Amino acid sequence: MSANYAVVLAAGQGTRMKSKLYKVLHPVCGKSMVEHVIGQIEQLNLTQIVTIIGYGGKQVKEVLGKRTEFAVQQEQLGTGHAVLQAEQILGEKKGTTLIICGDTPLFKAATLADLFAYHQQQKAAATILTAKAPDPTGYGRIIRDQAGNVAKIVEQKDTTPAEAAINEINTGVYCFDNQTLFQALHQVTNDNAQHEYYLTDVIEICQKSGQKVTAFTMKDFNESMGVNDRVALAKATSLMRQRINETQMRNGVTLIDPQNTYIDSDVQIGADTVIEPGVVLKGKTIIGENCLIGAHSQITASTIADNVTITASVLENAEMAEGSNIGPYSHLRPQAKIGPRVHIGNFVEVKKAEIGADTKVGHLTYVGDATLGRHINVGCGCVFVNYDGINKHHTTVGDYSFIGSSSNMVAPLQIADHAYVAAGSTITGDVAAHDMAIARGRQVNKAGYYDRYPVAKAAQQAEQAEKSFK
Ligand code: UD1
Ligand code: CA
């Protein structure tokens, strides 16, 4: 039985990106281009995938891990030379080999499966996946003979004006009979404008040696888009975003303004959730059903259960349980765990803290390094004072306790269940169950002292002015 293989080209530097980050690692909707490619070809049930690495090879290896085998291209002498590096692994194998570039993130598995099917049905030695480009500049052109058969591929820099006018382009994806491919690669020379060993020359070599070369033209040019610079990166991102948003909507998610909704590829959202304009959802964020994600919220790598409302807030590596709500203008930082039905109101920051069911933290509060129980009320303007300048310390607050407004909880600290902290207290010692802690200066009223202050004079003038106006 003949098997199917893939070679992914990812060794190039990506000079045109003008970046310290290697080209294929540039993200499109939160995932590197080469991961998009691998993700699609993984759906094709191939026997082996070999990724050619060179520039940034260490980083590419880290990103792809065990999903593929690797072959190293020491010097970047061209795409043909790159594929040849897979010879050690694949050279002897019988079967069909798909070649795809790591900088074409939009290809869908279904299109690649169609290419395999066409290639095998045609019993061809080589099949090029081509597309009709509105603007073919930069791509290799497909040169056909008078009978319409593929003769060769000519790179942009090697085209004559007549060839440059051809709008059928090489998408950089091919199916080859594996053994034919490696035999032909040995015959490729670097006699061209860029002095590179072009993979595309294999086509003419096969054709001239009497092997069957065909082309399969895909419908949607956009899907074949290659990213060589930042302008193309932005275009690819915009196309990917549109695709993601359409998938979300078809799965039952309401996007009020899909043009202005930014959802990364790995985000999962439940049905009947509504996403308002300007929302940014990043990383492996999971959102449940029937949530409302309000305008301009930004959520990264967080897990949100069902029936949660988020209003104009920023979440990173945080969790919100069923029925909880937050905002406007609050911030959940890493390891914030918000329990069921918890209310986090305006201007609240939570970091590395667990907040138990039905607790309320309504206004202008910082909760860091703390464990709060259930049914607690934290008043306005409270600070969990967790840092002594060197170390972070922890505070625990028990169930049904009440923290009065404008209190400081100076950690390490344990406040028991059913405890009461009087407003304006700075609590530095533990509080037992059913106790009330008050820690502030006693109020003193000094008779007539108001009149000693400049404000008294100003008030007098204002009162007189009011009278004369009447
Ligand atoms: C290539 C094709 C072109 C096609 C276009 C489609 C060749 C010669 N040209 O051009 O016909 O229209 O893709 O997008 O194949 N790479 C290596 N090692 C190298 C050189 C490149 O691994 O020595 C990798 C790059 O990392 C990249 C891919 O091969 O992922 C394509 O290389 P790139 O330089 O982007 O080729 P294009 O000029 O886009
Ligand atoms: Ca390219």
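Miscellaneous remarks
- For region 209-232, taking the residues that are over 20 Å from the mean Cα position of the chain (by Cα) and within 10 Å of T171 (Cα to Cα), the one that is nearest to ligand 2 (Cβ to nearest atom) is identified as S224.
- Against the criterion of being within 16 Å of ligand 2 (Cβ to nearest atom) and more than 26 Å from L25 (Cα to Cα), I166 does not qualify.
- Summed over region 252-295, the residues that are among the polar types (S, T, N, Q), in contact with a Cys (Cβ under 9 Å, 6 or more places away or on another chain) and within 19 Å of S32 (Cβ to Cβ) give a count of 1.
- Of all residues in region 1-50, those being near ligand 1 (Cβ under 9 Å from one of its atoms) and surrounded by fewer than 23 Cβ atoms within 10 Å (Cβ to Cβ) number 4.
Table: residues versus (1) over 26 Å from S2 (Cβ atoms); (2) in a strand (DSSP E or B); (3) at pLDDT below 95.
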{"position": "L46", "(1), (2), (3)": "no, no, no"}
{"position": "Q74", "(1), (2), (3)": "yes, no, no"}
{"position": "L77", "(1), (2), (3)": "yes, no, no"}
{"position": "L129", "(1), (2), (3)": "no, yes, no"}
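- Selection status of V72, over 28 Å from V280 (Cα atoms) and within 16 Å of ligand 2 (Cβ to nearest atom): no
- Selection within region 133-167 - away from ligand 1 (no atom under 11 Å from the Cβ), crowded, with 16+ Cβ neighbours inside 10 Å and touching a residue at least 60 places away in the same chain (Cβ under 8 Å): V150
- Candidate set from region 100-116 (those that are under 24 Å from L25 (Cα atoms) and outside any loop (DSSP other than H, G, I, E, B)); member that is farthest from ligand 2 (Cβ to nearest atom): A110
- Residues located in region 168-204, provided they are among the small types (G, A, S), within 13 Å of ligand 1 (Cβ to nearest atom) and at pLDDT 95 or above: G172
- Meets criteria (of a type in the set (A, V, I, L, M, F, W, C) and within 14 Å of the chain's Cα centre (by Cα)) for V279: yes
- Any hit, region 267-281, residues being touching a Lys or Arg at 6+ places or on another chain (Cβ under 9 Å) and buried (at least 18 other Cβ atoms within 10 Å of the Cβ): yes
- Qualifying residue in region 440-459 (condition: surrounded by fewer than 19 Cβ atoms within 10 Å (Cβ to Cβ) and touching a strand residue (DSSP E or B) at 6+ places or on another chain (Cβ under 9 Å)): yes
- For region 130-144, the condition holds for at least one residue, the condition being that it is of a type in the set (D, E, K, R) and under 32 Å from the mean Cα position of the chain (by Cα).
- Any hit, region 166-187, residues being among the acidic types (D, E), under 21 Å from T79 (Cα atoms) and not in a strand (DSSP E or B): no
- Some residue of region 100-113 being closer than 23 Å to N245 by Cα, more than 8 Å from ligand 1 (Cβ to nearest atom), hydrophobic (A, V, I, L, M, F, W, C) and surrounded by fewer than 21 Cβ atoms within 10 Å (Cβ to Cβ): yes
- Here region 190-231 is the region considered, the condition is being polar (S, T, N, Q) and under 30 Å from K18 (Cβ atoms), and the residue that is surrounded by the fewest Cβ atoms within 10 Å (Cβ to Cβ) is Q194.
- Of the residues making up region 286-308, those that are buried (at least 19 other Cβ atoms within 10 Å of the Cβ), of a type in the set (V, I, T) and more than 18 Å from K351 (Cα to Cα) are I287, I293, V308.
- Residues that are assigned to a helix (DSSP H, G or I) and touching a helix residue (DSSP H, G or I) at 6+ places or on another chain (Cβ under 6 Å), drawn from region 26-43: M33, V34, I38, Q40, Q43
- Within region 85-99, restricting attention to residues that are more than 10 Å from ligand 1 (Cβ to nearest atom) and of a type in the set (A, V, I, L, M, F, W, C), the residue that is nearest to N45 (Cα to Cα) is L98.
- Residues in region 8-59 that are more than 15 Å from ligand 2 (Cβ to nearest atom) and of a type in the set (V, I, T): I38, I41, T47, I49, V50, T51, I53.
- Scanning region 52-63 for residues that are crowded, with 21+ Cβ neighbours inside 10 Å and either within 9 Å of ligand 1 (Cβ to nearest atom) or within 25 Å of Y262 (Cβ to Cβ) (or both) yields I52, I53, G54.
- Of all residue pairs spaced 6 or more apart or on separate chains, those with beta-carbon atoms under 8 Å, a first member in region 175-202 that is without any contact (Cβ under 8 Å) to a residue 60 or more places away in the chain and a second member that is among the aromatic types (F, W, Y) are T189/Y197; N192/Y198.
- A Cβ distance below 6 Å, combined with a sequence gap of six or more or placement on separate chains, defines the contacts here; from region 212-237, residues that are away from ligand 1 (no atom under 11 Å from the Cβ) reach residues that are at pLDDT 95 or above and in a helix (DSSP H, G or I) in the pairs V213/I203; V213/C206; T214/Q122; F216/L115; F216/Y118; M218/T111; N222/L239.
- Sole exception among (1) farther than 17 Å from L25 by Cα; (2) in contact (Cβ under 8 Å) with a residue 24 or more places away in the chain for Q74, by number: (2)
The values are calculated or read from the model by the stated rules, or taken from the named source; none is laboratory data. Predicted, not measured: the structure shown is a model, and the values here were computed from it. FYI the Cβ positions are ideal-geometry reconstructions off the backbone, even for glycines, and counts take in every protein chain you see.
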